[in-house]
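Chemist: Below are the structure tokens for one structure; questions will follow.
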Amino acid sequence: MTANVVTDVNRPYIPAGGAKLTAEIEVEPGQLEQRPTRQIALCIDSSGSMAGDEIDRARAGAEWVFGLLEDDDYVSVVDFDDEAEVWLDATRWCDISRDDAVDRVQDIRAGGGTDMYSGLEKAGETLSQLPEDENTVRRILLLSDGKDNTHDPPEFESLARKIDSDGVRIMSAGIGEDYRSETIRKLGSVARGQWTHLQASGDIETFFGDAVEAAGSVVAPDAELELDVADGVEVSEVYRALPQTQSVNPEWEDNSAIIRLPDLLDRETQRVVLKIHAPPRPLGEVRLASVTLRAAGETATGGITVEYTDDEELLSEHNEGVDVDHRQTVIQTELGRGNVAEAQTQIEQMTRIHGSDTEAVESAQRQTEIVMEGGREEQSRATKIVTDEGLEK
């Protein structure tokens, strides 16, 4: 794998009285050396509102997944309406015929209510019983078009944390306009996966297929950053920027914080942005935080460093790119939540600092207008930052 950590700050020089600054940490995961073993649980809403084309497409999506599996991969299939049912327990692909797997999926019928909570519980259980090692990648692919009948978003957040602790990432997709978007977002974010909106039933196969193929490019399935923060330094506003903008709550113990990362994919950079308050210090170079990446048995280290100075020329130096990355991440996270007013406030602040004719400001304004005029698909798209290469991540 040979991962690497790169850090940067918007203000490399600060006054002796301290300052608030923006920092970013980029994780470069390196290359895939061994194809991982994938353990995939399909968790499909089969409530009455899925009847017709949507349940047909969900079954077709499951069949598409079957065509992507290798012999040593595992797959399970769970559906949920008023209750959850396991149609295929976690089975190594070489131990079942494709026809048998397809027959089981074809028996899924739409009808009844929506007990998504039980569906996710059962999907997680099918994976937790399987053998695993550091080269195992676990995924729940959740598809739903409705609201859970009895459980609220905070309960789903707790469930997602438990599933995540078992090494399972949730890729959650809502289809239609009646599902609870807050729940879909929490499941994808808290369990370090991704969340998305599917505009039409024809998108289901693509969602399933892309998620399974991405699982095959994982170089480190349970990565984390540790920040060892110097005395007096405060860290706030932590976000994952790549591969999807998501707010993060680090796990603190004394002066150390753990930031859990989505699975690292082959040569796909991840980025974390955060705010740091540097306290007063004597003049000289100071490491505000040491950074350690732990992934697939490897470690990579770096540091967030500034120099305290009274040199006015040095104090005027500003790395605008780091500032823009942070502001862009905040804006796109808010747009993903549908918080257009907060996104506009952030754009106003970015405009005052960087000017109205910069590419980042113009892009943020366009995205905000698109979300205002559109719906859930546009909110979902807004969370994918476009890189310098012009590709959505």
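Chemist: Take the stretch 164-199 and flag every residue that is open to solvent by 10 Å² or more (accessible area, probe 1.4 Å) and either assigned to a helix (DSSP H, G or I) or free of Cβ contacts under 8 Å to residues at least 12 places away in the same chain (or both).
Modeler: D164, S165, S181, E182, R185, K186, S189, V190
Chemist: Restrict the check to the stretch 271-291 and report whether at least one residue is under 22 Å from the mean Cα position of the chain (by Cα), open to solvent by 30 Å² or more (accessible area, probe 1.4 Å) and not basic (K, R).
Modeler: Within the stretch 271-291, not a single residue is under 22 Å from the mean Cα position of the chain (by Cα), open to solvent by 30 Å² or more (accessible area, probe 1.4 Å) and not basic (K, R).
Chemist: Still on this structure: Could you check the stretch 24-47 and list, in sequence order, the residues that are over 24 Å from G188 (Cβ atoms) and either open to solvent by less than 10 Å² (accessible area, probe 1.4 Å) or in contact with a Gly (Cβ under 9 Å, 6 or more places away or on another chain) (or both)? Even if it seems obvious, please write down each step before you answer.
Modeler: Filtering the stretch 24-47 for residues over 24 Å from G188 (Cβ atoms) gives 30-31, 33-35.
Residue satisfying the conditions is R35 alone.
Chemist: Of (1) in contact with a helix residue (DSSP H, G or I) (Cβ under 8 Å, 6 or more places away or on another chain); (2) closer than 30 Å to T150 by Cβ; (3) of a type outside the set (A, V, I, L, M); (4) in a helix (DSSP H, G or I), W64 satisfies all except one. Which?
Modeler: Exception for W64: condition (2).
Chemist: So, one more: Can you pull out the residues in the stretch 1-11 that are farther than 20 Å from V238 by Cβ and either of a type in the set (S, T, N, Q) or open to solvent by 40 Å² or more (accessible area, probe 1.4 Å) (or both)?
Modeler: T2, N4 - these are the residues of the stretch 1-11 that are farther than 20 Å from V238 by Cβ and either of a type in the set (S, T, N, Q) or open to solvent by 40 Å² or more (accessible area, probe 1.4 Å) (or both).
Chemist: Also, I was wondering about something else. When you check E298 against the structure, is it open to solvent by less than 70 Å² (accessible area, probe 1.4 Å) and at pLDDT below 95, yes or no?
Modeler: yes
Chemist: So which of V233, V238, V248 ends up being among the β-branched types (V, I, T) and farther than 21 Å from T333 by Cα?
Modeler: Just a single option satisfies the conditions, and that option is V233.
Chemist: Among the helices (runs of 4 or more DSSP H) lying completely within the stretch 241-356, list those that include at least 1 residues that are in contact (Cβ under 8 Å) with a residue 40 or more places away in the chain. Steps first, answer last, please.
Modeler: Working: elements: 312-315, 320-336, 340-354.
Those helices (runs of 4 or more DSSP H) span 312-315, 320-336.
Chemist: Conditions first: (1) within 30 Å of R180 (Cα to Cα); (2) among the charged types (D, E, K, R); (3) in a helix (DSSP H, G or I). K384 passes all but one, so which condition is the exception?
Modeler: Only one criterion is unmet by K384, namely (3).
Chemist: What number of residues in the stretch 264-303 are more than 23 Å from T245 (Cβ to Cβ) and β-branched (V, I, T)?
Modeler: Going through the stretch 264-303 one residue at a time, the tally reaches 4.
Chemist: Between L21, L69, which is of a type in the set (A, V, I, L, M, F, W, C), open to solvent by less than 60 Å² (accessible area, probe 1.4 Å) and either without any contact (Cβ under 8 Å) to a residue 40 or more places away in the chain or not in a loop (DSSP other than H, G, I, E, B) (or both)?
Modeler: Just one listed residue meets the conditions, L21.
Chemist: State which residue is nearest to the chain's Cα centre (by Cα) when the search covers only the stretch 205-237 and only residues that are part of a strand (DSSP E or B) and surrounded by fewer than 18 Cβ atoms within 10 Å (Cβ to Cβ).
Modeler: Filtering first and then ranking leaves E224.
Chemist: Next up: When you look at I353, is it farther than 17 Å from Q244 by Cβ, more than 18 Å from the chain's Cα centre (by Cα) and open to solvent by less than 50 Å² (accessible area, probe 1.4 Å), yes or no?
Modeler: For I353, the condition - farther than 17 Å from Q244 by Cβ, more than 18 Å from the chain's Cα centre (by Cα) and open to solvent by less than 50 Å² (accessible area, probe 1.4 Å) - is not met.
Chemist: Determine whether the stretch 256-269 contains at least one residue that is of a type in the set (G, A, S) and closer than 19 Å to G30 by Cβ. Step through it out loud before you land on a result.
Modeler: First pass over the stretch 256-269, keeping only residues of a type in the set (G, A, S): 256-257.
With the extra rule that they be closer than 19 Å to G30 by Cβ, the set shrinks to none.
No, that holds for no residue.
Chemist: Also: Can we say W64 is at pLDDT 95 or above, touching a Gly at 6+ places or on another chain (Cβ under 6 Å) and aromatic (F, W, Y)?
Modeler: yes
Chemist: Of the residues E377, E389, E342, which is over 30 Å from Y179 (Cα atoms) and either modelled with pLDDT of 90 or more or loosely packed, with under 14 Cβ neighbours inside 10 Å (or both)?
Modeler: The match here is E389.
Chemist: A further question on this structure: Filter the stretch 83-110 for residues that are in contact (Cβ under 8 Å) with a residue 40 or more places away in the chain and either part of a strand (DSSP E or B) or open to solvent by 30 Å² or more (accessible area, probe 1.4 Å) (or both) and give the result.
Modeler: The answer is V86, A90, Q106, R109, A110.
Chemist: A further question on this structure: With the structure loaded, tell me whether T136 is more than 24 Å from W195 (Cβ to Cβ) and surrounded by 14 or more Cβ atoms within 10 Å (Cβ to Cβ) or whether it fails that test.
Modeler: Spelling it out, it is not the case that T136 is more than 24 Å from W195 (Cβ to Cβ) and surrounded by 14 or more Cβ atoms within 10 Å (Cβ to Cβ).
The values are calculated or read from the model by the stated rules, or taken from the named source; none is laboratory data. All values reported here derive from a predicted model rather than from experimental measurement. As a convention, Cβ positions derive from the backbone with ideal geometry for all residues, glycine included, and neighbour counts pool all protein chains shown. Surface accessibility is based on the protein's heavy atoms, side chains included, excluding ligands, DNA and RNA. Shrake-Rupley method; radii C 1.70, N 1.55, O 1.52, S 1.80 Å.
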